[in-house]
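Worksheet: the structure to be examined is printed underneath.
The values are calculated or read from the model by the stated rules, or taken from the named source; none is laboratory data. Since the model is a prediction, treat every value here as computed from it, not as a measurement. Cβ placement follows ideal geometry from the backbone for every residue including glycine, while neighbour counts extend to all protein chains displayed. The area values use the complete protein model at the heavy-atom level, side chains included, leaving out ligands, DNA and RNA. Shrake-Rupley method; radii C 1.70, N 1.55, O 1.52, S 1.80 Å.
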Amino acid sequence: MATARAPRRFCRCACFCTENLYVARYRLHVRFQGEQQLLRDYGRLEQEVERRQRLGQESAARKALISSSYHPARPDLYNTLQDEALAPEFLAAAEYSASPGADLEGLLQRLEMVSGEKRIYRLPVFTAPFCRALLEELEHFEQSDMPKGRPNTMNNYGVLLHELGLDEPLVTPLRERFLQPLMALLYPDCGGGWLDSHRAFVVKYALGQDRELGCHYDNAELTLNVALGKTFTGGALYFGGLFQPSCLQAPSALARPLEVEHVVGQGILHRGGQLHGARPLGTGERWNLVIWLRASAVRNRLCPMCCRKPDLVDDDEGFGDGFTREEPTAVDVCMLT
């Protein structure tokens, strides 16, 4: 009798609680090595360090309570992702990418190249009805009395899809069936063909809440950023160069950044290390689905946040930060930089 294969264990790097701590007041990512260094260089950051140390346990508690007590407005979203939810252009690009003989030149004919130099691309991802349905569910959850975690250290408003229960039915099939073949052609040198985990969240920008996002880079090999709605002005993405490991933090200003306007239903694809941010929202509300795509074959060798060999810490909650204690099988390391 065949036995079920045990799920893979994913880890964090220990630097999660010591480095790249975001200080919103100064729009800086800083390092914590102890109270004396903290007081000397930055002022007090113990609260953020302690928050990160509790993050996994608190997230697991929220997820359990939501799973047992939350009543969705759109229960159909919790079924496995169907092709009908996806834009025809996205389906065509993914189908081509997975076909025999597919190459980069052919794929580029099926999407928009925003910047060849920066390797930033855009294409429709979801249909308009699916965007509306997902927004209805997100707003219903926002208005509920369920506990809510912050999407990340820089955004204060939004939803963690893992806690809401949408990781398995929505994001995992999106990554495995559609994004992986696309990314394998677009970013073979960044682990695009070896994506094995992700972190997915929705961020909300509105007047009186978060209106903009400082310059940063993502804890991911690759990123998909999809505008879900609603009606808004401003809030464009801006992109600079690639993060340089010799720098301890992303600069607060960029020389001649590339600005990219959001289009509802369409997604921006870029490398996680591409420095970027969001301009201030002018009017309305903007909700974005952000998926950090991770390849353990890449990050197991070099943590993108501390730029060292990762010091692994077990994380039983979801995909952790995408590190594993074992190498994926059959990885052609010559394809990875």
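Worth a mention:
- Taken together, 127, 172 contain a single residue that is in contact with a strand residue (DSSP E or B) (Cβ under 9 Å, 6 or more places away or on another chain), surrounded by fewer than 18 Cβ atoms within 10 Å (Cβ to Cβ) and in contact (Cβ under 8 Å) with a residue 40 or more places away in the chain, which is 127.
- Evaluating residue 73 against the criteria (1) surrounded by 14 or more Cβ atoms within 10 Å (Cβ to Cβ); (2) among the hydrophobic types (A, V, I, L, M, F, W, C); (3) not in a loop (DSSP other than H, G, I, E, B) leaves one unmet condition, (3).
- If the condition is being surrounded by fewer than 21 Cβ atoms within 10 Å (Cβ to Cβ) and within 24 Å of residue 241 (Cβ to Cβ), then region 195-212 contributes only 212.
- Taking each residue of region 191-204 that is within 10 Å of residue 298 (Cβ to Cβ) and looking for partners that are acidic (Asp, Glu) with beta-carbon atoms closer than 6 Å, six or more apart or interchain, yields 191/221.
- Just so you know, in region 315-337 the residues that are touching a Cys at 6+ places or on another chain (Cβ under 9 Å) and open to solvent by 90 Å² or more (accessible area, probe 1.4 Å) include one that is modelled with the highest pLDDT, and it is 325.
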